[in-house]
2 protein chains.
Amino acid sequence: MIPHAGIIVLADSLLFYIIYFLSILFLIKKNNCLKKKISIHDLARELKISATTISFVLNGKATEKRISSEVETKILEYIQKVGYKPNLVAQSLRTGKSKIIAMLVESIDDSFFASIAKVIEVTAYKLGYKVFFASTENETEKAKQLIRLFRDRQVDGFIIAPPPGIEKEITALLEDNCPVILFDRHLPTITTTNVLIDNFDGAFSATNHLFENGFKKIAFVTLDSTQSQMQARLDGYQKAIKQAGTVSKILKLSYNLLHTEISEKIKEFLQKNKQLDAVLFATNYLALGGVDAINQLNLKVPENLAIIAFDDDLIFQLLSPSVTAVAQPVQEMSEEVIKQLMKSLAVEDQSAQQKETIILKTKLIVRKSAINFSSVKNLRTAG
Amino acid sequence: MIPHAGIIVLADSLLFYIIYFLSILFLIKKNNCLKKKISIHDLARELKISATTISFVLNGKATEKRISSEVETKILEYIQKVGYKPNLVAQSLRTGKSKIIAMLVESIDDSFFASIAKVIEVTAYKLGYKVFFASTENETEKAKQLIRLFRDRQVDGFIIAPPPGIEKEITALLEDNCPVILFDRHLPTITTTNVLIDNFDGAFSATNHLFENGFKKIAFVTLDSTQSQMQARLDGYQKAIKQAGTVSKILKLSYNLLHTEISEKIKEFLQKNKQLDAVLFATNYLALGGVDAINQLNLKVPENLAIIAFDDDLIFQLLSPSVTAVAQPVQEMSEEVIKQLMKSLAVEDQSAQQKETIILKTKLIVRKSAINFSSVKNLRTAG
DNA sequence: ATAATTTGTGAAAACGTTTGCACAAATAAA
DNA sequence: TTTATTTGTGCAAACGTTTTCACAAATTAT
């Protein structure tokens with residue numbers, strides 16, 4: 001009896017181990033987000049039709065490949081029934097296309113970029129694309145890494161608001177025949193499709209608006225940046241100043257300041273320059289820093305100081321007084337970007353495609369912060 | 001001479017066509033974002049070492065698989081030299097893992113979600129993951145579609161701020177052994193890891209803060225929503241009201257209103273209820289609508305009406321007067337979410353892993369909009 | 001000396017598609 | 001009737017990995 005029992009125990013525990021081992025294997029296999037999904041070969045087996053034919057039908061090549069309509073409908077109905085969806089990763093591997101586009105912006109936090117991103121996302125989705133977003137923080141190194149990363153992920157194309165110094169990487173992308181659309185900023189040495197706004201005119205008009213409303217001593221608060229869009233805004237301001245025959249006053253802040261640092265610098269600037277009666281801010285967050293500074297100095301807007309911001313934001317409407325802003329045509333811009341990208345994606349050879357530069361006009365949203373008070377006077381110099 | 005020339009011409013044009021055809025083929029092959037990258041087999045050929053061995057070394061299994069250290073260093077050096085990077089798509093196909101995690105939030109525009117997203121993105125990146133973001137707009141149908149979409153993309157896990165009615169899809173994910181971390185909201189019927197804040201306590205404390213500052217008639221403006229976090233905020237408010245022995249006044253707004261519609265409704269509400277001397281807003285954008293309404297009614301904050309917002313935002317600091325807000329611990333929350341997700345990803349069997357519910361405390365950021373003025377009086381009832 | 005084990009490596013299958021090519025059957029042309 | 005063409009379909013290779021299994025050589029045990 002005893003050896004007998006021993007054998008049974010052995011057999012038992014062996015069975016146990018086998019089951020245990022198999023279940024481990026099973027779990028490992030299942031440890032992704034898919035239940036065992038049907039493949040095109042499963043369909044082939046069920047329908048007794050080759051995977052090739054099914055693939056043709058799925059890719060709309062039924063007529064081109066002269067698949068009979070009976071077979072076609074049979075396939076389509078079955079697919080409908082079982083809810084088959086092709087494995088995108090396998091598709092990607094085979095075709096080299098990922099149906100993913102990468103979008104690099106300065107910061108996805110920023111309302112301007114967030115709005116653009118949203119429009120692009122929904123449009124791209126309708127066209128069968130997903131969009132990967134990432135923030136460069138305007139740092140060259142980070143942008144390089146991101147381009148590298150997305151390339152490894154086999155994205156089909158790029159939408160980039162380029163930080164400075166990224167020319168080489170973008171040229172490399174174009175040479176590898178990878179579509180790139182630049183927007184918001186211009187890189188003079190790169191020839192690819194560009195979607196821009198007329199920054200010069202935006203700043204020029206805004207400055208003139210201040211003159212027309214009786215303000216005389218207009219400062220410009222901007223970033224210490226050589227980027228084209230910042231340069232153009234500065235040029236627009238200076239053109240207007242020159243035309244009015246008055247004198248410019250410019251504060252350049254370095255790039256990566258925190259909100260509190262920005263407002264601190266602007267506060268100092270305003271205290272040192274009490275002759276000013278208006279300020280044009282080169283970006284929305286500089287304007288927000290300015291508002292903070294103005295509040296701290298207990299200045300009245302626009303009686304003591306008028307302000308205009310570049311890039312509109314919901315907050316400008318809510319502040320009291322509300323803030324006049326140079327609005328970028330977000331919707332139009334987004335549509336243009338995606339349109340251009342799709343055009344590039346459809347084309348075999350990027351170098352053969354002709355590159356466009358699209359320049360859109362800004363719109364001045366007039367609010368109280370820069371409005372015409374008949375009795376404009378600068379109470380600060382008086383005080 | 002003439003037939004001779006003809007043959008030459010024929011040969012010429014034939015060659016031309018062959019070259020043309022080949023170049024077309026070449027371009028089609030190149031029409032993704034990769035120049036012809038080296039594969040593991042290319043390495044194998046160059047090094048005269050099998051792809052298997054190289055793969056082992058690459059995946060850190062050198063010792064486990066007892067690869068000799070000479071071979072290992074030889075491989076590593078060569079890889080370094082030529083800058084080889086494995087094809088992630090192929091890896092994904094073979095392993096079923098994508099190193100992508102999906103994050104579904106209400107709206108990526110919203111500053112609360114945007115901040116969380118940012119922290120999660122950088123943390124995930126350090127851990128070798130990319131994050132796909134998408135906005136549900138709190139619509140069940142859209143969320144379902146997105147889950148479906150991401151599943152097709154073989155994401156490894158989900159981070160979701162769940163809209164109502166999404167229980168079934170989430171259960172399905174969990175059953176398929178796909179890690180899901182819920183945050184911001186709670187779904188009572190789902191047992192998975194949850195990262196939440198103490199909404200009840202946040203609203204309770206905020207309301208009490210108003211009482212302590214001498215305000216007596218406190219209203220609550222919220223969404224007409226059954227979602228747990230909204231319910232908890234309401235409960236917190238009512239508990240405080242009850243405890244103070246006063247009476248509650250609640251405005252419930254429907255979900256998808258525009259900013260202007262929100263402020264319009266609040267304006268009506270305030271006009272109908274002139275006895276109120278304070279309002280607690282259940283979300284940041286409701287508070288912004290409220291600020292707009294208050295501006296339009298020319299009310300003084302906090303003299304006529306004190307306000308507190310749920311969810312802090314830079315704008316609350318900039319508005320004048322600045323707005324007191326219940327701040328969510330964004331950093332802490334994000335870290336907890338990603339920590340929990342990584343824990344889940346590391347585990348074979350999701351159903352075996354024990355699920356935690358983490359509840360974090362809010363912090364009341366006291367600003368001017370709800371501050372204690374000794375001479376508090378409600379000028380509106382007087383007027 | 002033979003057998004068993006360890007050590008280090010490679011061959012080949014698999015993941016799920018797409019696509020070049022082959023090919024049989026049906027039709028048209030000779 | 002034979003040959004060429006069209007029509008409809010399927011085989012098998014390829015995309016670039018990972019991983020199971022096999023196996024030869026070196027070492028150790030018998």
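Restricting region A:74-95 to residues that are of a type in the set (Val, Ile, Thr) and within 11 Å of DNA strand D (Cβ to nearest atom), which is most open to solvent (accessible area, probe 1.4 Å)?
Filtering first and then ranking leaves A:THR95.
In region A:122-137, how many are away from chain B (no Cβ under 11 Å) and either open to solvent by 10 Å² or more (accessible area, probe 1.4 Å) or of a type in the set (A, V, I, L, M, F, W, C) (or both)?
So the answer is 5.
Quick check on region A:85-121: of everything there that is within 14 Å of DNA strand C (Cβ to nearest atom) and in contact with a helix residue (DSSP H, G or I) (Cβ under 6 Å, 6 or more places away or on another chain), which residue is farthest from the other protein chains (Cβ to nearest Cβ)?
If we take residues in region A:85-121 being within 14 Å of DNA strand C (Cβ to nearest atom) and in contact with a helix residue (DSSP H, G or I) (Cβ under 6 Å, 6 or more places away or on another chain), then A:SER98 is farthest from the other protein chains (Cβ to nearest Cβ).
Looking at B:GLN296 and the list (1) touching a residue at least 40 places away in the same chain (Cβ under 8 Å); (2) surrounded by fewer than 22 Cβ atoms within 10 Å (Cβ to Cβ); (3) more than 23 Å from B:ASP184 (Cα to Cα), which single condition is not satisfied?
Every condition holds for B:GLN296 apart from (1).
Quickly run through region A:247-293 and pick out the residues that are more than 29 Å from the chain's Cα centre (by Cα) and exposed (fewer than 14 other Cβ atoms within 10 Å of the Cβ).
A:VAL247, A:GLU268, A:GLN271, A:LYS272, A:GLN275 - these are the residues of region A:247-293 that are more than 29 Å from the chain's Cα centre (by Cα) and exposed (fewer than 14 other Cβ atoms within 10 Å of the Cβ).
For a quick check of your reading of the model, give me the residue pairs whose first member lies in region B:33-59 and is open to solvent by 90 Å² or more (accessible area, probe 1.4 Å), whose second is near DNA strand C (Cβ under 8 Å from one of its atoms) and at pLDDT 90 or above, with beta-carbon atoms closer than 8 Å and at least 6 apart or on different chains.
Correct list of pairs: B:HIS41/B:ALA51.
The values are calculated or read from the model by the stated rules, or taken from the named source; none is laboratory data. A quick note: this is a predicted structure, and the numbers were derived from the prediction, not measured. Neighbour counts run over all protein chains shown; Cβ positions are idealised from the backbone, glycine included. Areas reflect the complete protein model, heavy atoms only, side chains present, ligands, DNA and RNA absent. Shrake-Rupley method; radii C 1.70, N 1.55, O 1.52, S 1.80 Å.
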